[in-house]
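Step one of this worksheet: look at the structure below.
The values are calculated or read from the model by the stated rules, or taken from the named source; none is laboratory data. Since this is a predicted model, take the numbers as computed values, not measurements. Positions of Cβ are backbone-derived with ideal geometry, glycine not excepted, and every protein chain shown enters the neighbour counts.
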Amino acid sequence: MISEKMKGLVNNNSVIRQMFEEGRNMAAKFGEENVYDFSLGNPNVPAPDKVRDTAIDLLKNEDPLVLHGYMSNAGYPDVRRKVADSINKKHGTSFNEENIMMTVGAAAGLNCALKALINPGDEVLTFAPYFVEYKNYVANYDGVLNTVATDHETFQPDLKAFEEAVNDKTRAVIINSPNNPTGVIYSEETIKSIADILYRKQKDLGTEIFIISDEPYRELVYTDAVVPYVTKYYNNTVVCYSFSKTLSLPGERIGYLVIPDEAADHEDLFTAVTIANRVLGCVNAPSLFQKVVAECLDSKADVDFYAKNRNEIYNALVSYGFKCVKPEGAFYLFIETPVSDKEFVEEAKKEHILVVPGTSFALPGFVRLAYCVSYETIVNSLPGFKRLAEHYGLS
């Protein structure tokens, strides 16, 4: 027997993960080179050499009892200080180690923030399409996730709908930019407008409403577009950051939370997320990789690799007649489907192409392609996409 809450999660197990497993089965049957798996956002760019070199140096020279031991649940103070200094240098902020908690990736950071903020029945808003796990994260703390529409031409939030959705039960708003699954960056105008709306609503409703800014793709930007640093526009902000994509370290599970001094009840909130880190079972972020990333804050994976993939697949699919917004960041295309997204997914499988239905991101009628794959996979998949376009009369 499993709990009633887990029954719901089991029944709604991630389609992304299911398709990833299906891709492995297809690869075993048809050959890995003949399967084009765009399901999982798993970086295909090696971590920078500095990551490896730093890890080796630490393992050789650091006291192992310190390097592999416990520390404050918030993380090593010197690591947190270096992270704060790096953010300040990049974004003109004024954080210190008391604003930073090291986390087991952005996902754990999100859960710590939600656990610290959400009471049963509280509402959390986010913009559709959104990362599939948000609903599960919010439900885990007996909150309710409500979605707000975006403009399907730009995937910028519908600000009028957002203002109408904020009510006296709204406790937090999750934003994700660059966005998964669209690759869109929320503009400074958008962030300012969201902040202005929330300031007005807080005053009118007599409540505190937090923005939780989920930022695992912050450094993966291909254009001159700037990803606004949300704490500069809105005081009640918690930033969730991950090195999974920046340094190609998804399996190492390392990231951090930022809680600015200007946030309501900053000290209590920081204590709460630190305790949440412990009671959720994380205890602390991985000790070795706290030390590693602290020395690699100015490094990042080869974004040009993703840019080359983006240009190749976007230009080809548009030429075939598919419709999608050209992503400014992250490594996803969100393509409008000529039939239902689920039907399109099944038809794509006949071409050995695996994509994720938009239904999984709360927006039917689209599919997501994760183009963080080899360039050869991109090129070799294109004949299959062309046949799909011809099948549906797009080209």
(request) Evaluate the following for residue 244: is it in the same structural domain as residue 165 (by TED's automatic domain parsing) and in contact with a helix residue (DSSP H, G or I) (Cβ under 6 Å, 6 or more places away or on another chain)? (result) yes
(message) Can you find, within the stretch 81-99, the residue that is surrounded by the fewest Cβ atoms within 10 Å (Cβ to Cβ) among those that are more than 21 Å from residue 272 (Cβ to Cβ) and charged (D, E, K, R)?
(response) 89
(message) Looking only at the stretch 195-236, count every residue that is polar (S, T, N, Q) and crowded, with 24+ Cβ neighbours inside 10 Å and tell me the total.
(response) 3
(message) With under 18 Å from residue 208 (Cα atoms) and within 18 Å of the chain's Cα centre (by Cα) as the only criterion, which of 138, 148, 144 stands out?
(response) 138
(request) Would you point out which residue out of 339, 292 is touching an Asp or Glu at 6+ places or on another chain (Cβ under 9 Å) and not in a loop (DSSP other than H, G, I, E, B)? (result) 292
(message) Being touching a Pro at 6+ places or on another chain (Cβ under 7 Å), within 17 Å of residue 381 (Cα to Cα) and surrounded by fewer than 21 Cβ atoms within 10 Å (Cβ to Cβ) is the filter here; which residues of the stretch 302-346 pass it?
(response) none
(request) State the number of residues belonging to the stretch 162-194 that are more than 20 Å from residue 114 (Cβ to Cβ) and under 23 Å from the mean Cα position of the chain (by Cα). (result) 14
(message) If residue 45 meets every condition in (1) modelled with pLDDT under 95; (2) part of a helix (DSSP H, G or I) apart from one, which number is that one?
(response) (2)
(message) So, residue 247, is that one at pLDDT 95 or above, not in a loop (DSSP other than H, G, I, E, B) and not hydroxyl-bearing (Ser, Thr, Tyr) or not?
(response) no
(request) Hey, could you check the stretch 51-80 for residues that are of a type in the set (Val, Ile, Thr) and under 23 Å from the mean Cα position of the chain (by Cα) and say which is surrounded by the most Cβ atoms within 10 Å (Cβ to Cβ)? (result) 79
(request) Filter the stretch 208-235 for residues that are touching an Asp or Glu at 6+ places or on another chain (Cβ under 6 Å) and without any contact (Cβ under 8 Å) to a residue 40 or more places away in the chain and give the result. (result) 235
(request) Quick one: which residue in 108, 149, 161 is of a type in the set (Gly, Ala, Ser) and either closer than 30 Å to residue 287 by Cα or modelled with pLDDT under 95 (or both)? (result) 108
(request) Working carefully through the options 274, 359, find the one that is at negative phi, part of a helix (DSSP H, G or I) and touching a strand residue (DSSP E or B) at 6+ places or on another chain (Cβ under 8 Å). (result) 274
(message) Can you tell me which residue is farthest from residue 207 (Cα to Cα) among those in the stretch 217-242 that are in contact with a strand residue (DSSP E or B) (Cβ under 6 Å, 6 or more places away or on another chain) and in a loop (DSSP other than H, G, I, E, B)?
(response) 220
(request) Go over the candidates 94, 72, 39 one by one and state the one that is under 30 Å from residue 383 (Cα atoms) and small (Gly, Ala, Ser). (result) 39
(request) Go through the stretch 63-80 and give me each residue that's more than 13 Å from residue 274 (Cα to Cα) and of a type in the set (A, V, I, L, M, F, W, C). (result) 65, 66, 67, 79
(message) Out of everything in the stretch 246-278 that is touching a residue at least 40 places away in the same chain (Cβ under 8 Å) and of a type in the set (Val, Ile, Thr), what residue ends up being farthest from residue 86 (Cα to Cα)?
(response) 275
(request) Scan the stretch 167-179 for residues that are surrounded by fewer than 23 Cβ atoms within 10 Å (Cβ to Cβ), in a loop (DSSP other than H, G, I, E, B) and not acidic (Asp, Glu) and jot them down. (result) 167, 169
(message) Between 151, 85, which is farther than 29 Å from residue 288 by Cα, of a type in the set (Asp, Glu) and assigned by TED's automatic domain parsing to the domain that holds residue 229?
(response) 151
(request) Quick one: which residue in 215, 262 is modelled with pLDDT of 95 or more, of a type in the set (Asp, Glu) and touching a Cys at 6+ places or on another chain (Cβ under 7 Å)? (result) 215
(request) Could you tell me whether the stretch 34-41 includes any residue that is modelled with pLDDT of 75 or more and either exposed (fewer than 15 other Cβ atoms within 10 Å of the Cβ) or not assigned by TED's automatic domain parsing to the domain that holds residue 333 (or both)? (result) yes
